[in-house]
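The values are calculated or read from the model by the stated rules, or taken from the named source; none is laboratory data. Bear in mind the structure is a predicted one, so any value in this text is a computation, not a measurement. Cβ: placed from backbone, ideal geometry, glycine included. Neighbour counts: every protein chain shown.
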């Protein structure tokens with residue numbers, strides 16, 4: 001249960017100016033009210049997203065601040081058609097984000113391919129085929145109200161999340177998958193270094 | 001200048017290469033030409049004082065099952081008249097001379113027609129894909145194109 005949900009339920013604080021709770025709840029409360037996002041506008045949903053950001057709907061009152069770098073972002077908003085060419089870039093950006101990270105899939109195209117469902121030779125049928133999505137916002141494009149509802153859902157999700165001793169509760173398969181991915185990424189990095197060295201030698 | 005006047009001017013200059021004029025009140029009229037001398041025809045259209053087609057609005061490729069067609073939409077900014085030129089090329093050897101020396105804007109249009117339809121523009125200085133990834137296989141807007149099952153490990157069809 002989240003920190004603020006206790007107040008909503010009408011539980012009395014212990015005494016004047018004192019409220020008891022777990023550190024996890026407190027941290028989650030802070031995290032959910034300060035989500036920095038990386039905006040990844042790739043089609044007309046990004047136009048609707050401008051309205052979400054502008055004064056009338058004002059996304060910033062949720063504590064969401066736009067960042068231009070994946071390194072500083074808590075979640076990424078995929079707003080638009082994900083082509084196969086762009087999908088690889090999205091995956092790379094997602095991997096560059098620091099944990100904990102979330103994905104916001106905005107509109108029919110990012111959810112499922114949208115109008116390109118049947119004949120789009122170039123469109124990925126849903127961004128969840130390459131990265132795990134936390135919130136799907138339906139619509140073509142979604143109304144700003146729908147986006148704000150998604151934002152509320154994301155905050156709810158963060159508020160109820162476990163952040164301590166997560167690994168202890170993981171299944172052995174998941175842990176193994178994480179270790180395998182680590183080894184694979186280390187290998188990719190070594191390959192990259194070797195490649196760079198080779199290139200530098202060529203340049204001389 | 002009306003389209004039939006443009007057609008008369010062309011057929012007087014290139015009697016063997018101009019095939020037909022198609023006049024349609026509801027759409028733009030177009031002239032079929034032989035792809036053999038396309039650059040000379042285009043230079044003539046651009047440089048004559050009464051034609052003066054100084055602007056290539058669009059260059060597209062079309063797959064009409066039997067053969068491929070290159071469509072040139074020309075417009076004269078100064079004289080405010082327009083014409084569409086079409087050239088049919090065989091599917092077995094889909095190649096035509098580039099017009100990028102005539103209008104620079106043809107550069108990217110021709111790359112697009114190569115990328116999506118597979119028309120080879122002979123003499124183009126940089127005929128590489130423009131929309132699809134460089135390692136894409138096939139030309140997707142051809143009628144007999146088959147969507148690949150996978151691209152870089154991502155499943156493409158539903």
Task: Options A:202, A:149: the member that is assigned to a helix (DSSP H, G or I) and touching a strand residue (DSSP E or B) at 6+ places or on another chain (Cβ under 9 Å) - done: A:149
Task: Breaking point among (1) touching a residue at least 12 places away in the same chain (Cβ under 8 Å); (2) loosely packed, with under 15 Cβ neighbours inside 10 Å; (3) over 16 Å from residue B:101 (Cβ atoms), for residue B:43 - done: (3)
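Is the stretch A:35-42 home to any residue that is assigned to a strand (DSSP E or B) and either loosely packed, with under 15 Cβ neighbours inside 10 Å or modelled with pLDDT of 95 or more (or both)?
yes
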- [ ] Look through A:159, A:181, A:129 and report the one residue that is closer than 30 Å to residue B:158 by Cβ and either in contact with a helix residue (DSSP H, G or I) (Cβ under 9 Å, 6 or more places away or on another chain) or within 14 Å of chain B (Cβ to nearest Cβ) (or both).
- [x] A:129
Open item on the list: Just to verify a result, which residue in the stretch A:90-111, among those that are in contact with a strand residue (DSSP E or B) (Cβ under 9 Å, 6 or more places away or on another chain) and over 24 Å from residue A:161 (Cβ atoms), is nearest to the other protein chains (Cβ to nearest Cβ)?
Closed with: A:109
Open item on the list: Kindly evaluate residue B:101 against the criterion of being away from every other protein chain (no Cβ under 14 Å) and crowded, with 17+ Cβ neighbours inside 10 Å.
Closed with: no
TODO: Please enumerate the residues belonging to the stretch A:157-178 that are surrounded by fewer than 10 Cβ atoms within 10 Å (Cβ to Cβ) and in a helix (DSSP H, G or I).
DONE: A:167, A:168, A:169, A:172, A:173
- [ ] Kindly indicate which of B:124, B:139 is away from chain A (no Cβ under 14 Å), in contact with a helix residue (DSSP H, G or I) (Cβ under 9 Å, 6 or more places away or on another chain), surrounded by 18 or more Cβ atoms within 10 Å (Cβ to Cβ) and more than 25 Å from residue B:29 (Cα to Cα).
- [x] B:124
- [ ] May I ask you to verify whether residue A:110 is outside the structural domain of residue A:58 (by the TED database) and surrounded by 12 or more Cβ atoms within 10 Å (Cβ to Cβ)?
- [x] no
